[in-house]
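Data block below; observations after.
Each value in this text was obtained by applying a stated rule to the coordinates, not by laboratory testing. Fair warning: this is a prediction, and the values are worked out from it, not measured in the lab. No Cβ is skipped: glycine too gets one built from the backbone with ideal geometry, and neighbour counts run over all protein chains shown.
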Amino acid sequence: MKKQWWHGKVAYQIYPKSFYDSNGDGIGDIRGIIEKLDYLKDLGIDIIWISPIYQSPFVDQGYDISDYYKIDPAFGTMEDFDELLREAKKREISILMDLVINHCSDQHEWFQKALADPEGEYGQYFYFEKGKNGKEPSNYRSYFGGSAWEKVPGTDLYYLHLFAKEQPDLNWENKKVREELFRMINWWLDKGLAGFRIDAIINIKKTDSFPDYEPDGDDGLVRCTRMVEEAEGIGELLQELRRETFQRHDAFSVGEVFNMKEGELEEFIGDEGHFSTMFDFAPLEATLGGHGWYDAPEYDFYKWRSALTASQLTCQGIGFLANIIENHDEPRGASTYLPAYAQGDDGTKMLATVSILLRGLPFLYQGQEIGMKNCRMESMEEYDDIDTKNQYKMAINAGLCVEEAMDVCFKHSRDNARTPMQWNAGKNAGFTSGRPWLKVNPNYTEINVEKEERDASSVLSYYKELLALRKSEAYREVFTYGDFIPAYDGQEKIIAYHRKDKDKDILVAANFGEGETALHEGNRGKILLKNREDVRIEKGGLVLPSCGVAVVEC
Ligand code: TEU
Ligand code: CA
């Protein structure tokens, strides 16, 4: 594998609306990010991905872009953004933006022109199709519920939107569309961006026609991914994207890729792959339901462990995955991947260790480093997220009562991760002096940056140690390039692995169980990091109490 500038780095996702509000309007902004750069530097962050800050009507929180060349005034100005780039550079921090190019906003000039004349030039920028027997062209259900086709009033045409109806899909088969997008990407890269996180990218390739499929729900529709999975030839589009943009700038790219076809990993993240890396969603997928959040299975440690191990083994020798425990679309990792008895600081540190030391590029999500948790909302009015509203409806339609449906949202809602960052124990957790756009999690008096900075045994202090160890002179090499070798997988409630190269052999071992366990073989050595005093090496081996984790140099 070719060495790349981003190998061995640590990345951090900022959800700008909820990060830090510098002017008291209740919405986080670019100047707020600038103010917190030193905090991120001190934490050990090298790369920042900022969720969309382009001009947007915010139907899907900025994932509906109405002008790719403008910063939305809610976040600041282009001057603020340029200053952010300069200030980040001073601190050797690279900035990534979010690239949402499967669709744009229905308010984008292209779509407005297309609507005015669907048969004209801009109609070709999107997918307009005639209805079939007075109905939609096909029976696809959009990601956010309901048909993926929206009727154009006064015509027999429908346009395709795999997400909300305010997010029309761009037609990637049209060369002009690709050229417009590539021009825009290069414009941002020329400004000094280090690269992009690439949104929902697998959806850009459609089938030649839009056939109906067997319905998979009572609504007579079928999830639109059925069609996406059938589409052939996305590789050509993605190679062109890479060639025309990222490759020219040695830019970093991380793909949000679901539903990749089997055996395509090398094409996606190999040396000549479409992207530098892509997120590993396998552990997350192990928590998903067949239809929606309401029928998601209970968290299962063994399913999670096998998913994680399988991903690690599959990408070895091919490339690096980007490892996460949460993002702006998921509930908090510390609420999802830990059993009830493990949801204290020890458990949170244990999960952190297992995740951060995996082979691949660690991506933290804002607030993860202080152990932020899911937020209980009192009523549906407190939710903002379009997906949560849809999932709530689905749960009610499936027969759940209001209380049960609210519980489902508490477990799965995207807003769990979108509540404001908890900076201190003051008003609104120090996020804003105004009225926050989304409820602050009431646990901010206990879980916040200021308190944890003063406490050497806090989750935040632990994350700093953990990242420092990963990046230290002595261990950087093995944690970056060392092999991943699973260990003790026959042992109950243990997840353990070695990171090993020709010089070093490091064991990472965690006990997700409720009782104390000892690992008997191959563990004599020096403990480099542990999360509890009583994690220890005895004659019998490495002793791990419940929620104990150790990093051992063998
Ligand atoms: O998400 C893409 C995606 O596949 C989503 O359906 C995801 O599975 C869903 O959010 C889970 O609830 C990306 C963005 O990350 C997301 O925030 C956007 O809403 C979406 O694209 C549309 O741009
Ligand atoms: Ca603001």
Query raised in the report: How do the pairs read when you match residues in segment 58-85 that are farther than 27 Å from residue 113 by Cβ and within 16 Å of ligand 2 (Cβ to nearest atom) with residues anywhere that are assigned to a loop (DSSP other than H, G, I, E, B) and not aromatic (Phe, Trp, Tyr), using Cβ under 7 Å and keeping only pairs 6 or more apart or on different chains?
Result: 76/29
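Of these, 33, 71, which one is buried (at least 24 other Cβ atoms within 10 Å of the Cβ) and on the phi < 0 side of the Ramachandran plot?
Just one listed residue meets the conditions, 33.
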Query raised in the report: What single numbered condition from (1) out of contact with any strand residue (DSSP E or B) (no Cβ under 9 Å at 6 or more places or on another chain); (2) crowded, with 17+ Cβ neighbours inside 10 Å fails to hold for residue 66?
Result: (1)
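Being closer than 30 Å to residue 477 by Cβ and either free of Cβ contacts under 8 Å to residues at least 24 places away in the same chain or within 15 Å of ligand 2 (Cβ to nearest atom) (or both) is the filter here; which residues of segment 2-47 pass it? If you could, list the steps in order and put the result at the bottom.
Within segment 2-47, the first condition is being closer than 30 Å to residue 477 by Cβ, and the residues that meet it are 2-14, 37-47.
3, 14 - these are the residues of segment 2-47 that are closer than 30 Å to residue 477 by Cβ and either free of Cβ contacts under 8 Å to residues at least 24 places away in the same chain or within 15 Å of ligand 2 (Cβ to nearest atom) (or both).
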Report summary line: Subset of segment 13-27, residues outside any strand (DSSP E or B) and either under 17 Å from residue 371 (Cα atoms) or within 16 Å of ligand 1 (Cβ to nearest atom) (or both), comes to 15, 16, 17, 18, 19
Query raised in the report: Out of segment 517-531, which residues are under 22 Å from residue 459 (Cα atoms) and assigned to a loop (DSSP other than H, G, I, E, B)?
Result: 531
Requested in this report: Kindly list, by first and then second residue, each pair from a residue in segment 174-187 that is over 13 Å from residue 100 (Cα atoms) to a residue that is part of a helix (DSSP H, G or I), limited to pairs with Cβ atoms under 6 Å and residues at least 6 apart or on different chains.
Outcome: 174/124; 177/125; 186/245
Query raised in the report: Among (1) away from ligand 2 (no atom under 12 Å from the Cβ); (2) surrounded by fewer than 19 Cβ atoms within 10 Å (Cβ to Cβ), where does residue 50 come up short?
Result: (2)
Query raised in the report: What do you reckon, is residue 75 closer than 18 Å to residue 199 by Cβ, part of a loop (DSSP other than H, G, I, E, B) and more than 16 Å from ligand 1 (Cβ to nearest atom)?
Result: yes
Query - Number of the condition not met by residue 511 [criteria: (1) closer than 12 Å to residue 550 by Cβ; (2) touching a Phe, Trp or Tyr at 6+ places or on another chain (Cβ under 8 Å)] - result: (2)
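Take the residues of segment 188-228 that are among the polar types (S, T, N, Q) and touching a residue at least 24 places away in the same chain (Cβ under 8 Å): which is nearest to ligand 2 (Cβ to nearest atom)?
Step one: of segment 188-228, the residues among the polar types (S, T, N, Q) are 203, 207, 209, 225.
Adding the requirement that they be touching a residue at least 24 places away in the same chain (Cβ under 8 Å) leaves 203, 207, 225.
Numbers: 203: 31, 207: 43, 225: 36 Å.
Here the answer is 203.
State whether one or more residues within segment 83-94 are under 24 Å from residue 167 (Cβ atoms) and among the polar types (S, T, N, Q). Lay out the reasoning, then the answer.
Of all residues in segment 83-94, those under 24 Å from residue 167 (Cβ atoms) come to none.
No.
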**Report entry** Scan of segment 225-248 for residues that are closer than 13 Å to residue 264 by Cβ, not acidic (Asp, Glu) and not in a loop (DSSP other than H, G, I, E, B), ordered by number
**Finding:** 234, 235, 238, 239
Report task. Determine, yes or no, whether residue 348 is among the hydroxyl-bearing types (Ser, Thr, Tyr), touching a Gly at 6+ places or on another chain (Cβ under 8 Å) and away from ligand 1 (no atom under 16 Å from the Cβ). Result -> yes
Query - Criterion (within 16 Å of ligand 1 (Cβ to nearest atom), over 28 Å from residue 215 (Cβ atoms) and aliphatic (A, V, I, L, M)) met by exactly one of 96, 115, 84 - result: 96
**Report entry** Contacts under 8 angstrom Cβ, first residue in segment 457-485 being touching a residue at least 24 places away in the same chain (Cβ under 8 Å) and surrounded by fewer than 20 Cβ atoms within 10 Å (Cβ to Cβ), partner part of a loop (DSSP other than H, G, I, E, B) and among the acidic types (Asp, Glu), 6 or more apart
**Finding:** 477/501; 477/503; 481/501; 483/501
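Report, by residue number, each residue of segment 351-381 that is among the small types (Gly, Ala, Ser) and within 28 Å of residue 476 (Cβ to Cβ). Step through it out loud before you land on a result.
Step one: filter segment 351-381 for residues among the small types (Gly, Ala, Ser), giving 352, 355, 360, 367, 371, 379.
The answer is 352, 355, 360, 367, 371.
Got at least one residue in segment 209-218 being farther than 25 Å from residue 327 by Cβ, touching a Phe, Trp or Tyr at 6+ places or on another chain (Cβ under 7 Å) and more than 15 Å from ligand 1 (Cβ to nearest atom)? Outline the logic, then answer.
Applying the first criterion (farther than 25 Å from residue 327 by Cβ) to segment 209-218 yields 209-218.
Right, trim to touching a Phe, Trp or Tyr at 6+ places or on another chain (Cβ under 7 Å) and you get none.
No, that holds for no residue.
Which ones in segment 378-404 are of a type outside the set (Lys, Arg) and within 16 Å of ligand 1 (Cβ to nearest atom)? Spell out how you get there, then give the answer.
Applying the first criterion (of a type outside the set (Lys, Arg)) to segment 378-404 yields 378-388, 390-392, 394-404.
Correct list: 383, 384, 385, 386, 387, 388, 390, 391, 392, 394, 395.
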Query raised in the report: Of all residues in segment 413-436, which are surrounded by fewer than 24 Cβ atoms within 10 Å (Cβ to Cβ), more than 16 Å from ligand 1 (Cβ to nearest atom) and not hydroxyl-bearing (Ser, Thr, Tyr)?
Result: 423, 424, 425, 426, 427, 428, 430, 434, 435, 436
